[in-house]
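Colleague: Mind having a look at this structure? Questions to follow.
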Amino acid sequence: MRKSLALLLLAAASLHAQTVPKAAARPAAVPAYKELKYPALKPIPIPPVETLTLPNGIRLYLLEDHELPLISGAARVRTGNLFDPADKIGLATMTGMVMRTGGTKKQAGEELDKALEDMAASVETGIGESSGSVSFSALQENIDAVLAIFHDVMTAPEFRQDKIDLAKTQLHTSVARRNDDPGSIVQREFSDTLYGKATPYGWSMEHSTIDAISRADLQAFYQRYFFPSNIRLAVWGDFDSADMKTRIEKLFADWTVKQDAVPEFPKVTARTSPATYLAVKKDTAQTFFALGHLGGLLNEKDYPALEIMTAILGGGFQSRLFQQIRTKMGNTYNIGASWGANYDHAGLLEISGSTKNVSTLDTIRAVQKEVERIRTSEVTEEELKTAKDSALNSLVFAFDSRTKTLGRLLTYDYYGYPKDFIQQYQKALGEVTRADVLRVAKARLDPENFTLIAAGNPDAFDEPLEKLGKPVNPIDLTIPPSSKAGSVGATPGSGELGKQALVRAQKAAGGVDKLAAIKDVTQSAEFVLAPAAGGLHVKERSRWIGPEYFRQDSEVPSGKISAYFDGKLGWISTPQGEGPLLGAQLSQVTGDLSRLYVRLLLSDRIPGRTVLSADSWNVNIGMSGGQTVRVSFDSATGLPMTVSYDAAQAAGEPLQVEETYSDFHTVDGIKVPFKIVINQGGQKFADVTIMDVKFNSGLKLADLEQRPGQAVQK
């Protein structure tokens, strides 16, 4: 039962930046926190990066970092799902998945897994909206062997059919479950509607588009976009730059493929009329909603002021929306606002949240009132200072290591931004004034052109949505069926294979009856984060009471962090203050709950879950929240070996996570992994050692609900 440490660290940083702790009694000689003065942040330093172009056209970036004997690299490829054909949506995503799992001409994917595992190394691939990546991580002593695998994956992927079938199963599962979670429906429909459902920014995968993709399509997509002059390769770690340049140049000397230059990504051209859309979900007591319009670009002159404006409006616990709606009204579960901006196309201004069905219109009207208020009068000096400090402080965490900074420099170069963009942005943030906030709010916030997307039970609304003044358009949640009889992911056999794998794992772990009899779990663990993730040592105690009560207490260098979740709502407490679980943090907790070791093994018995498989050892489990988890089982023991999933982040695309289980011990007749290695985004994140596990120890709900500093209620 492992929980996401990244969640708590992220939450702690958020609370540190956005909450103000209550003043405690202190000696007269100690100044109050409001009297403390801090020096202004210095300009963010840019480390020396050697940049050159290899004879075959690869653009190479080298950054020495001799702190640890590790070497990592990432190739950025100019491609993306924006280049998917309209009748084969999902092609880019599938290509990115199978480039690695399908192995190379020399080695199958399983052989690569074994070789890399033996070296404690990784090589991963993926393709997102507007870029592809091939990355590696290795100990210095193994760099030649890992670079050889990296080279083969990049230049000679085999795209074996069995792995294509498995990828199709995963994608079919995600399509089949896309309407399970009303919050996910709102996010998808909001984005697709504003960008235009007939454009690459707004269309979605369907069963038919997945069915239409063939192995030849993956090979053709790869050949079109993976060629040397279309690649930027960054390598960082414990090496000599001259030596690494020689190694990389020699390694890729045989790769001389040429293609025409890749075209520009499609432009965002949609100009949707303001409208209201409703997805009817009668099985939920909440209404999830999002309203807004197109945002802008990161390099716009007004972006710093727009970011500060939306931070004041709805960027955290001190924001107006949170204070006026979440705190005072009390019917809203979460609320926030962000000014979306991308490197090469407009983002989205989004004000979103969830509220009780019976307060739907009251909540939306309260949002409209706060939007109008920020457009008509200046914010206070205190609001401005809090928002600017938070934005400037967040830059420290985005550039707190040389590797993160190199990643940013690579991104700036990829999208044609100047090398000193971050310093320009930092300076502009510091210069934002109250007048600037009012000016951009008046000019760029356009409530008359807001599009509203809602998902909930209209029978329970306080008033009909039409009372907001616009016609209500129904959202059709119908998922078109597969165009192929017996397509992967839709066959009865695939479900049976998955269930058989779980039954086998249940037996191997100790028996389904013993697993089902577990009502509470207490686990203690120690985390050692990888250097790139901060190198911290963390102690953690997790407690769970079935079905969905969860408490996690962590000891980090800055103090103790506690988080609690009851299946619907939760809170988090840090040394800096306490607040509710919201947004990506809430999504991660619900994901963690769904992946509890005991519950994962019992997925065939949990209502709302689907179990699919393309073979006997790899199972895709669709969760009730819309997430798909892939579990690979050890063919020798039948026990889970790896668990893979996408984890939500505070900003940007979900992060690919893989957990590898080992060192199984028997606890009360149940075999439990006592060693876990976590990789995030293709890079090692942490080593986890389980110190102790207790089943059915008689945990009480009051034990989990107790907040720091409070006595347990008897």
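Colleague: Condition test on residue 548, is it farther than 30 Å from residue 182 by Cα and either surrounded by 15 or more Cβ atoms within 10 Å (Cβ to Cβ) or among the charged types (D, E, K, R) (or both)?
Modeller: Values: farther than 30 Å from residue 182 by Cα: no; either surrounded by 15 or more Cβ atoms within 10 Å (Cβ to Cβ) or among the charged types (D, E, K, R) (or both): yes.
No; evaluated as a whole, the condition is false for this residue.
Colleague: Here's another thing I want to ask about it. Of all residues in segment 97-116, which are touching a Pro at 6+ places or on another chain (Cβ under 9 Å) and β-branched (Val, Ile, Thr)? Show your work before the answer.
Modeller: The first filter runs over segment 97-116 and keeps only residues touching a Pro at 6+ places or on another chain (Cβ under 9 Å), leaving 98-100, 102-105.
Passing the criteria: 98, 104.
Colleague: Is it fair to say residue 455 is part of a strand (DSSP E or B), surrounded by 15 or more Cβ atoms within 10 Å (Cβ to Cβ) and either at pLDDT 95 or above or among the aliphatic types (A, V, I, L, M) (or both)? Talk me through it step by step, then tell me what you get.
Modeller: Values: part of a strand (DSSP E or B): yes; surrounded by 15 or more Cβ atoms within 10 Å (Cβ to Cβ): yes; either at pLDDT 95 or above or among the aliphatic types (A, V, I, L, M) (or both): yes.
Against the criterion (part of a strand (DSSP E or B), surrounded by 15 or more Cβ atoms within 10 Å (Cβ to Cβ) and either at pLDDT 95 or above or among the aliphatic types (A, V, I, L, M) (or both)), residue 455 qualifies.
Colleague: Please determine whether any residue of segment 327-336 is touching a residue at least 24 places away in the same chain (Cβ under 8 Å) and more than 28 Å from the chain's Cα centre (by Cα).
Modeller: yes
Colleague: Condition check: more than 26 Å from the chain's Cα centre (by Cα) and of a type in the set (Lys, Arg). Does residue 404 satisfy that?
Modeller: Here the answer is no, as residue 404 does not meet what is asked.
Colleague: Among the residues of segment 500-523, is there at least one that is open to solvent by 20 Å² or more (accessible area, probe 1.4 Å), modelled with pLDDT under 85 and farther than 30 Å from residue 71 by Cβ?
Modeller: yes
Colleague: Enumerate the pairs (first residue in segment 200-213 and closer than 11 Å to residue 168 by Cα and open to solvent by less than 30 Å² (accessible area, probe 1.4 Å); second residue anywhere and at pLDDT 90 or above and part of a loop (DSSP other than H, G, I, E, B)) with beta-carbon separation below 7 Å, excluding pairs fewer than 6 apart on the same chain, so at least 6 apart or on different chains.
Modeller: Taking only residues 6 or more apart or on different chains, the pairs are 209/87; 209/88; 209/89; 209/90; 210/90; 213/88; 213/90.
Colleague: Does segment 106-128 hold any residues that are closer than 22 Å to residue 662 by Cα and either open to solvent by less than 10 Å² (accessible area, probe 1.4 Å) or not in a helix (DSSP H, G or I) (or both), and which are they?
Modeller: Matches in segment 106-128: 109, 112, 116, 119, 120, 121, 122, 123, 124.
Colleague: On to the next question. Restricting attention to segment 65-85, which residues are over 26 Å from the mean Cα position of the chain (by Cα) and either surrounded by fewer than 19 Cβ atoms within 10 Å (Cβ to Cβ) or among the polar types (S, T, N, Q) (or both)?
Modeller: Passing the criteria: 66, 67, 68, 69.
Colleague: Considering only residues of segment 46-64 that are of a type in the set (S, T, N, Q) and assigned to a strand (DSSP E or B), which is surrounded by the most Cβ atoms within 10 Å (Cβ to Cβ)?
Modeller: Within segment 46-64, the match that is surrounded by the most Cβ atoms within 10 Å (Cβ to Cβ) is 51.
Colleague: Pull up segment 329-365, narrow it to residues that are in contact with a Ser or Thr (Cβ under 6 Å, 6 or more places away or on another chain) and not in a strand (DSSP E or B), then point me to the one that is surrounded by the fewest Cβ atoms within 10 Å (Cβ to Cβ).
Modeller: Checking each candidate, the answer is 331.
Colleague: Taking the condition of being without any contact (Cβ under 8 Å) to a residue 60 or more places away in the chain and closer than 12 Å to residue 454 by Cα, how many residues in segment 167-196 meet it?
Modeller: The number of residues fulfilling the criteria is 1.
Colleague: Specify which of the listed residues (144, 152, 240) is of a type in the set (Asp, Glu), over 25 Å from the mean Cα position of the chain (by Cα) and crowded, with 18+ Cβ neighbours inside 10 Å.
Modeller: 152
Colleague: Would you check which residues across segment 93-110 are of a type in the set (S, T, N, Q), more than 16 Å from residue 135 (Cβ to Cβ) and under 21 Å from the mean Cα position of the chain (by Cα) and list them?
Modeller: Matches in segment 93-110: 93 only.
Colleague: Tell me, which residue of segment 374-416 that is assigned to a loop (DSSP other than H, G, I, E, B) and closer than 16 Å to residue 234 by Cα is least open to solvent (accessible area, probe 1.4 Å)?
Modeller: 401
Colleague: For residues in segment 81-105 being touching a helix residue (DSSP H, G or I) at 6+ places or on another chain (Cβ under 6 Å) and part of a loop (DSSP other than H, G, I, E, B), which is nearest to residue 60 (Cα to Cα)?
Modeller: Per the stated criteria, the residue is 103.
Colleague: Looking at 102, 109, 80, which is the one that is in contact with a Phe, Trp or Tyr (Cβ under 8 Å, 6 or more places away or on another chain) and at negative phi?
Modeller: Working: 109 fails: in contact with a Phe, Trp or Tyr (Cβ under 8 Å, 6 or more places away or on another chain); 80 fails: at negative phi.
Within the list 102, 109, 80, the selection yields 102.
Colleague: Could you tell me which residue of segment 247-305 is surrounded by the most Cβ atoms within 10 Å (Cβ to Cβ), considering only residues that are aromatic (Phe, Trp, Tyr) and not in a loop (DSSP other than H, G, I, E, B)?
Modeller: Of the residues in segment 247-305, the ones aromatic (Phe, Trp, Tyr) are 252, 255, 265, 277, 288-289, 303.
Adding the requirement that they be not in a loop (DSSP other than H, G, I, E, B) leaves 277, 288-289, 303.
Values: 277: 20, 288: 25, 289: 27, 303: 21.
Out of the qualifying residues, it is 289.
So that you can scan it fast, the table gives a plain yes or no per residue for (1) within 22 Å of the chain's Cα centre (by Cα); (2) within 15 Å of residue 701 (Cα to Cα); (3) touching a residue at least 12 places away in the same chain (Cβ under 8 Å); (4) part of a loop (DSSP other than H, G, I, E, B):
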{"site": "543", "(1), (2), (3), (4)": "no, yes, yes, no"}
{"site": "547", "(1), (2), (3), (4)": "no, yes, yes, yes"}
{"site": "554", "(1), (2), (3), (4)": "yes, no, yes, no"}
{"site": "560", "(1), (2), (3), (4)": "no, no, yes, no"}
{"site": "563", "(1), (2), (3), (4)": "yes, yes, yes, no"}
{"site": "578", "(1), (2), (3), (4)": "no, no, yes, no"}
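Colleague: Here is a follow-up. What are the residues in segment 306-319 that are within 30 Å of residue 419 (Cβ to Cβ) and in a loop (DSSP other than H, G, I, E, B), if any?
Modeller: 315
Colleague: Does residue 538 satisfy the criteria of being modelled with pLDDT of 85 or more and open to solvent by less than 40 Å² (accessible area, probe 1.4 Å)?
Modeller: yes
The values are calculated or read from the model by the stated rules, or taken from the named source; none is laboratory data. Being a predicted model, the structure only gives us computed values, none of them experimental. Backbone-built Cβ (ideal geometry, glycine too); neighbour counts: all protein chains shown. Note: areas computed on protein heavy atoms with side chains; ligands, DNA, RNA excluded. Shrake-Rupley method; radii C 1.70, N 1.55, O 1.52, S 1.80 Å.
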